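Asks: First the structure, then my questions, so here it is.
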Number of protein chains: 4
Amino acid sequence: MRRAVSNLTRFCGGSGFITPGRAPRTATVVMSVSRLSSTSSGRLDVSGIYPPIATPFNMDESIAFDKLTENMQKWNKIPFGGYVVQGSNGEYVYQTAEERIKVVEHVVKAAAPGKVILAGSGCESTRDTIEMTNRMADVGADGALVVTPSYYKGGMHNRALISHFTKVADDSKIPILLYSVPGNTGIDLDPEVIIVLSCHPNIIGLKDSGGDIAKLAHLVISTQSNDFQIMAGSAGFLLPAYLIGCVGGVCGAANMLGQELCDLEQLYKQGKLKEATNLQQRIVAPNACVTKRFGVPGLKVAMEWFGYYGGPVRSPLQPITSEQEEIMRTVFKLSGFIH
Amino acid sequence: MRRAVSNLTRFCGGSGFITPGRAPRTATVVMSVSRLSSTSSGRLDVSGIYPPIATPFNMDESIAFDKLTENMQKWNKIPFGGYVVQGSNGEYVYQTAEERIKVVEHVVKAAAPGKVILAGSGCESTRDTIEMTNRMADVGADGALVVTPSYYKGGMHNRALISHFTKVADDSKIPILLYSVPGNTGIDLDPEVIIVLSCHPNIIGLKDSGGDIAKLAHLVISTQSNDFQIMAGSAGFLLPAYLIGCVGGVCGAANMLGQELCDLEQLYKQGKLKEATNLQQRIVAPNACVTKRFGVPGLKVAMEWFGYYGGPVRSPLQPITSEQEEIMRTVFKLSGFIH
Amino acid sequence: MRRAVSNLTRFCGGSGFITPGRAPRTATVVMSVSRLSSTSSGRLDVSGIYPPIATPFNMDESIAFDKLTENMQKWNKIPFGGYVVQGSNGEYVYQTAEERIKVVEHVVKAAAPGKVILAGSGCESTRDTIEMTNRMADVGADGALVVTPSYYKGGMHNRALISHFTKVADDSKIPILLYSVPGNTGIDLDPEVIIVLSCHPNIIGLKDSGGDIAKLAHLVISTQSNDFQIMAGSAGFLLPAYLIGCVGGVCGAANMLGQELCDLEQLYKQGKLKEATNLQQRIVAPNACVTKRFGVPGLKVAMEWFGYYGGPVRSPLQPITSEQEEIMRTVFKLSGFIH
Amino acid sequence: MRRAVSNLTRFCGGSGFITPGRAPRTATVVMSVSRLSSTSSGRLDVSGIYPPIATPFNMDESIAFDKLTENMQKWNKIPFGGYVVQGSNGEYVYQTAEERIKVVEHVVKAAAPGKVILAGSGCESTRDTIEMTNRMADVGADGALVVTPSYYKGGMHNRALISHFTKVADDSKIPILLYSVPGNTGIDLDPEVIIVLSCHPNIIGLKDSGGDIAKLAHLVISTQSNDFQIMAGSAGFLLPAYLIGCVGGVCGAANMLGQELCDLEQLYKQGKLKEATNLQQRIVAPNACVTKRFGVPGLKVAMEWFGYYGGPVRSPLQPITSEQEEIMRTVFKLSGFIH
């Protein structure tokens, strides 16, 4: 098996981060594709804004690959760092294993050169997650976003989660980002677990959707010696996240406000804090609509307003009501994003 | 498509329980297999004690079908109403779609004549659930236990859940039981949803693992005109559940204390309340060990004590520690089930 | 200070249940008032049905002592074991320390001979709880119901709770019952804590409103050698609670359905299980209305229907809406308690 | 009754924010004490850093007023905006009504000129809260911090909370700040409620301890036309909070790291974002120790390290263990605040 990891001893004193019984890792780091940039320690660079792509469906709930292509042609013109495919906004839990792979493959092909493709490969079991991750790697994913397993809540203690992510990272052909989304899973990845796992040579970062900015700041500090990249999981706190040291954001709202979020990133980097703050403030309420308040059904409706294909959600998700759409429209108008 | 349902108008005044655009149901009820008993209104009778079978794995985590056969040969001698296969205790979330089907098929073949086979067919999406249910029906399942979808917690409101279960029941070849297990899913099926769904001709019952006996009593009363069968989801409140009108129990502890739970049922039915109470009281603490306290990893260890094959759990579940095993052993000793 | 406790060494091997630095307890048990019955080990007998009295207010929110007297005259004709005063249904958190004492004093005087008066004396701090308990004892309370402190949730770990209840019990002139009501406090008293505290000579019982019947059964077994009396905290599971060994119930619904609940108790004791079950089933839905669904505002409205004074709640509690009242009326009608 | 509010019609179109049956408010705004600064619309200016004072106790748990004086003499040398007294860090729930007043009175007298005194006056009932607020005003508090009532969780819906805060604000002699601390109360004040209440002329701000920075940003935008002042409830996200428009912070850590937090504020205001960020990052972990991780018991231990009197907590809070103290000491050392 190809190994995308190396230099174990550099991290955390080589603290035994190999599952017992495995051969020691001695392979040299080889960035999978030279077109992508890497961090100072040679890791895949995942900085920047990433839309977690909404999977487009036809009215019969089959995947609308043509619409996906059209959406990507528009997104490709925006200076995104890359794409997250098969994340929570992609309704990954409603797709079969085959569908998940196919959508990743499609996005890899449709993405503009230089875009990093992060694929959501998490399954409940460790073995399924490893297989899914490597199949997604085989069709071209650059990294994998691995959500916490969550069904047996009582059994998902820190020991189990550390074991799970370590095994997945050990056996994955591509680097791994941890993915904590307690609003969906009911599991909030503990800082201690994240810090331990940040020492693994093949675990390069974290997407945290919990929104606790103090937790993120704590993690930035505690993992900085490991070249660990932390990404905001929502546009609602993107600027504060940059401020405390996050490297980017995976933001549902980037499905339709991608240019604006990239602008926010640039304003921050240019030190134009006042303009950045103004933009951040305008984004908060619309972002809440397409995340916490109305979820993927809201997101898909808003995408239509901005010229993207939204289309239906898969059941059991339900379309938003016309009353909810009216609220959402008002919020977007008041924020000046639609007229 | 074969329809196992009928007589819609008898229930809830024929209150529109057909998904729009579908043909009205006029087919006659045909019990799928004559060997099984039916209720007064002609529904599949699911009364009695059901072990939710723990899926045996080999040390490499592959399914140990030979061990499953051995376990079933022992269980077949116990007067169970039938078996639940691919429930939470079966680690169904850790199995591929193909594995789930194969295990059901194996249990169908290994079950003694007259045992009702209830298969856990729930998936996150409605379409996957329907397909899984019918594939399980095709390999011989008599009924399906359909867990609440749970990933998008904000989207799983009553409207979405009613829609989901209605669609599944509409298209399922076999009768459906609702399955609410908030400890795992974070979704506690609302009484109003259950009462509405109890009117569907192809939804014949409920397994509730929440343990709120007042909720169960309320549901028994509120659904009694619909011939709706409610099953306790744990041995911890089996006798109280019988008392308030439940028809049986799906009890993890039946994997190793099956005869004792069938005894408890008989004592209750014979009006020997004092003996039944004594037995119920002895069962509470051991039952807690193999459910809330130590989960499936605890259950599998305890099974070994009683001559069944337990074996390993699939990762990310972790084996219990030796200290936890010691606690569990003490509890079973104090209750007089082991020496 | 008078000590109502004794015989420490009889319990739990005299396991150090005296706060360090205190004098050993050698006083003899003296039942505070001979009119009350005691258990086999000489403890205050709290078996039976207890209404947790709703505190009546005038329209200006002052306490309507005259209405309290009138209500008690009616309740005194019902074979209650006694009264709980200043419990959650008594809106105790909305009353000043002085008011809490006065209401207890009033109820003591208005109660028929032989009724046990249990006073809710819990405060957030240990010192306030001790003072309140003893002041309530001074005005005639026979026992105290002490709710879990709950403000600093992170700090209310088992060690803190054991320390709190031990200190209160050490210094209380009257016996103590633990009171766990997680729906209000967010703190669910752990079985381990309860079992440890059941060894204290001045802690004689528990009121548990959580509704987890398996937990109650576990506690009944685990504390039976300590003559520990467990009371159901709701009419919704009163019969199952009796069945698994509880000695009575503190039931909000007893404010208006007191005779019916005493009937249920009698039917159970006479072995008329079928009739008891029927009555239990009728009570579930109305009980839910005056507890979980509509709370004290619902309770006070329902009391009016049965000839008791309900009156307003104290702000910030709000009266139920007319729509909610209509729902409640329908539920009570369907259950046959009103016409 | 003196009214500290005015100009109702300026806010929210005079949208009926007077409790029915009350006289219209026409009094002119008079800042209670001229020594304090006011905002552009004439409201009490609460910007800046505020330590929520830990109440010092003697070993017998009585209040150590002399130690309070000593602590304040040190705090008075730090450029705080003022003091919060009787907040969650002040263990207000463990003090009698009389004690709460006395501590406020003591702080008013011991505070350096120009410091704003915000007193925590929240009680469970509306009437008690009004009385407490006005008694605290009478002894010199400039504003009141009113925590959400929380006991009857089911009853504390938006309608109830709006009614409660409106009545308190209507009848309070001093301006009110809303106080949301879901970690303690289990009640997270809804943005909609806050926005409605921000229109009340006597409700001038909010302290939010929830830590959801996107929520705070949303509130800043939504209430800006009402001259509503939002304060971060923790030092863990102070800089991000300033960034998105908060006016200050009520930070437990200011009890011992007051100068550092004031430095952070200055660095932010001077546009020295890099230095501010560095300082913020150093503060996160120590702050977590004295808040979420070890609470008030941890806070009081850490105060001792910095020359303040910490002393014991009141029971049922327990002192931290020596192991926890060691962890805390390590965290403070690693952050460079102690050696």
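The values are calculated or read from the model by the stated rules, or taken from the named source; none is laboratory data. It should be emphasised that the depicted structure is a prediction, and the values quoted were computed from it without experimental measurement. Neighbour counts are summed over all protein chains in view; Cβ atoms, including those assigned to glycine, are modelled from backbone coordinates with ideal geometry.
Asks: Need the failing condition index for A:GLY271 against (1) more than 20 Å from the chain's Cα centre (by Cα); (2) surrounded by 19 or more Cβ atoms within 10 Å (Cβ to Cβ), just the number.
Replies: Failing condition for A:GLY271: (2).
Asks: Could you figure out which of (1) more than 17 Å from the chain's Cα centre (by Cα); (2) part of a helix (DSSP H, G or I); (3) at pLDDT 95 or above; (4) not charged (D, E, K, R) isn't true of C:LEU257?
Replies: C:LEU257 satisfies every listed condition except (1).
Asks: Also, I was wondering about something else. Can you tell me how many residues in the stretch B:35-68 are more than 20 Å from the chain's Cα centre (by Cα) and in contact (Cβ under 8 Å) with a residue 40 or more places away in the chain?
Replies: Final tally of qualifying residues: 11.
Asks: While we're looking at this one, here's another question. Is one or more of the residues making up the stretch B:41-62 over 21 Å from B:ALA241 (Cβ atoms), more than 14 Å from chain A (Cβ to nearest Cβ) and assigned to a helix (DSSP H, G or I)?
Replies: No - not one qualifying residue is present in the stretch B:41-62.
Asks: Do we find that B:ASP212 is at pLDDT below 95, surrounded by 24 or more Cβ atoms within 10 Å (Cβ to Cβ) and more than 14 Å from chain A (Cβ to nearest Cβ) in this structure?
Replies: Here the answer is no, as B:ASP212 does not meet what is asked.
Asks: May I pose another question? Going residue by residue through the stretch C:119-126, is there one that turns out to be away from chain D (no Cβ under 14 Å), over 30 Å from D:LYS292 (Cα atoms) and surrounded by fewer than 24 Cβ atoms within 10 Å (Cβ to Cβ)?
Replies: no
Asks: Here is a check on your reading of the model: is A:THR28 more than 17 Å from A:LYS300 (Cα to Cα), at pLDDT below 95 and of a type in the set (Val, Ile, Thr)?
Replies: Taking the combined requirement at face value, the residue satisfies it.
Asks: Among the residues of the stretch A:157-191, what is the count of those that are farther than 23 Å from A:LYS292 by Cβ and surrounded by 18 or more Cβ atoms within 10 Å (Cβ to Cβ)?
Replies: Counting residues in the stretch A:157-191 that are farther than 23 Å from A:LYS292 by Cβ and surrounded by 18 or more Cβ atoms within 10 Å (Cβ to Cβ) gives 16.
Asks: Considering (1) in contact with a Pro (Cβ under 9 Å, 6 or more places away or on another chain); (2) of a type in the set (Gly, Ala, Ser); (3) more than 24 Å from B:VAL146 (Cβ to Cβ), say which one B:ALA235 fails and leave the rest.
Replies: Result: B:ALA235 passes all but (3).
Asks: Please verify whether B:MET256 is buried (at least 24 other Cβ atoms within 10 Å of the Cβ) and either among the basic types (Lys, Arg) or in contact with a strand residue (DSSP E or B) (Cβ under 6 Å, 6 or more places away or on another chain) (or both), treating the condition exactly as stated.
Replies: Judged against the criteria, B:MET256 is not a match.
Asks: Out of the residues in the stretch D:289-322 that are without any contact (Cβ under 8 Å) to a residue 60 or more places away in the chain and away from chain C (no Cβ under 13 Å), which is nearest to D:TYR94 (Cα to Cα)?
Replies: So, considering only residues that are without any contact (Cβ under 8 Å) to a residue 60 or more places away in the chain and away from chain C (no Cβ under 13 Å), the one nearest to D:TYR94 (Cα to Cα) is D:VAL301.
Asks: Considering only the stretch A:113-146, how many residues are part of a loop (DSSP other than H, G, I, E, B), under 17 Å from the mean Cα position of the chain (by Cα) and within 27 Å of B:PRO312 (Cβ to Cβ)?
Replies: Total meeting the criteria: 3.
Asks: I would also like to ask the following. I need a count of the residues in the stretch C:65-103 that are in a helix (DSSP H, G or I), closer than 18 Å to C:GLU304 by Cβ and either of a type in the set (A, V, I, L, M) or within 14 Å of chain D (Cβ to nearest Cβ) (or both).
Replies: Number of matching residues: 4.
Asks: List the pairs whose first member sits in the stretch C:161-189 and is within 13 Å of chain D (Cβ to nearest Cβ) and farther than 11 Å from C:ILE130 by Cβ, whose second member is of a type in the set (Ser, Thr, Tyr) and assigned to a helix (DSSP H, G or I), and whose Cβ atoms are under 7 Å apart, counting only residues at least 6 apart or on separate chains?
Replies: So the pair list comes out as C:VAL181/C:SER88; C:ASN184/C:SER88.
Asks: Would you be able to say whether some residue in the stretch D:131-148 is within 11 Å of chain C (Cβ to nearest Cβ), polar (S, T, N, Q) and at negative phi?
Replies: yes
Asks: One residue is enough: does the stretch B:292-301 have a residue meeting the conditions within 18 Å of B:GLN259 (Cα to Cα) and either out of contact with any Phe, Trp or Tyr (no Cβ under 7 Å at 6 or more places or on another chain) or outside any helix (DSSP H, G or I) (or both)?
Replies: yes
Asks: For the stretch A:215-253: of the residues being β-branched (Val, Ile, Thr) and under 15 Å from the mean Cα position of the chain (by Cα), which is surrounded by the most Cβ atoms within 10 Å (Cβ to Cβ)?
Replies: This residue is A:VAL250.
Asks: Can you confirm whether the stretch D:254-271 contains a residue that is among the hydrophobic types (A, V, I, L, M, F, W, C) and within 12 Å of chain A (Cβ to nearest Cβ)?
Replies: So far as the stretch D:254-271 goes, no, none of its residues is among the hydrophobic types (A, V, I, L, M, F, W, C) and within 12 Å of chain A (Cβ to nearest Cβ).
Asks: For the stretch B:112-145, give me each residue that is among the small types (Gly, Ala, Ser) and within 23 Å of B:GLY249 (Cα to Cα).
Replies: Once the filter is applied, which keeps residues that are among the small types (Gly, Ala, Ser) and within 23 Å of B:GLY249 (Cα to Cα), the stretch B:112-145 yields B:ALA112, B:GLY114, B:ALA119, B:GLY120, B:SER121, B:GLY122, B:ALA137, B:GLY140, B:ALA141, B:GLY143, B:ALA144.
Asks: Out of B:ILE221, B:ILE230, B:ILE195, which single residue is at pLDDT 95 or above, more than 28 Å from B:ILE78 (Cβ to Cβ) and within 13 Å of chain C (Cβ to nearest Cβ)?
Replies: B:ILE195
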